[in-house]
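Comments concern the structure below.
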Amino acid sequence: MILIANGLVALVAVLHLYFLVLEMFLWTRPLGLKTFRNSPEKAADSAVLAANQGLYNGFLAAGLIWGLLHSAPGFALQIKVFFLLCVIVAGIYGATTVSRRILLVQAAPATIALILLWLA
């Protein structure tokens, strides 16, 4: 069970690395415009804010990876729980302020990973 839970934690980390790339480097490019349903003008005006948001997603990914790599199982669990809770809160906030899609893309995988960690 712990392998499945850690696999899902790793997936959440990879998703947040992808969000980092989208928000920091692809925001004004075709993939970023399509993903976030932005016009080129709106994307250009918000690019600095998006890059900042992408950086925070990178910090979330780094924390989850830290939890996966830490050698002390008890502390590793605490790290993963903390960062998964941060992802869930960010996902809920994003779902209520931006798009309900964020609940499925961001908060749901983190919630499932958290539940599996607790069950493991």
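Values quoted throughout were computed directly from the atomic coordinates according to the rules given, and no laboratory measurement underlies them. Treat the numbers as computed from the prediction; the structure is a model and nothing was measured. Using ideal geometry, Cβ is built from the backbone for each residue, glycine included, and neighbour counts are taken over all protein chains shown.
Below, the figures for the structure above:
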{"quantity": "Using distinct alpha-carbon pairs, which all enter the 1/r mean, Kirkwood radius of the stretch 31-88 in Å", "calculated": "13.2 Å"}
{"quantity": "In nm, spacing of pseudo-spin labels at Leu103 and Ala47 (7 Å Cα→C-beta vector)", "calculated": "3.4 nm"}
{"quantity": "Modelled FRET efficiency - R0 35 Å, Tyr18 with His70, Cβ distances, 0.05 increments", "calculated": "0.95"}
{"quantity": "Residue with peak Gaussian network fluctuation, the chain [Cα springs, cutoff 10 Å], from Ala95, Ala44, Ala61", "calculated": "Ala44"}
{"quantity": "Mean ellipticity per residue at 222 nm, deg cm²/dmol - from DSSP H runs of n ≥ 4 across the chain, formula -39500 (n - 2.57)", "calculated": "-27500 deg cm²/dmol"}
{"quantity": "Cα long-axis angle, helix 40-69 against the chain (0 to 90 degrees, to the nearest 10)", "calculated": "10 degrees"}
{"quantity": "Pairs of alpha carbons in the stretch 67-120 whose separation is greater than 13 Å (percent)", "calculated": "58 percent"}
{"quantity": "Cα-projected label distance for Cys86 with Arg37, points at 7 Å along beta-carbon direction, nm", "calculated": "2.9 nm"}
{"quantity": "Simple spin-label estimate for Arg29 and Tyr93 in nanometres, 7 Å along Cα-Cβ", "calculated": "2.7 nm"}
{"quantity": "Structure-derived Cα extents along the principal axes in Å - corresponding label in (i) 31, 30, 29; (ii) 44, 32, 24; (iii) 48, 25, 18", "calculated": "(iii)"}
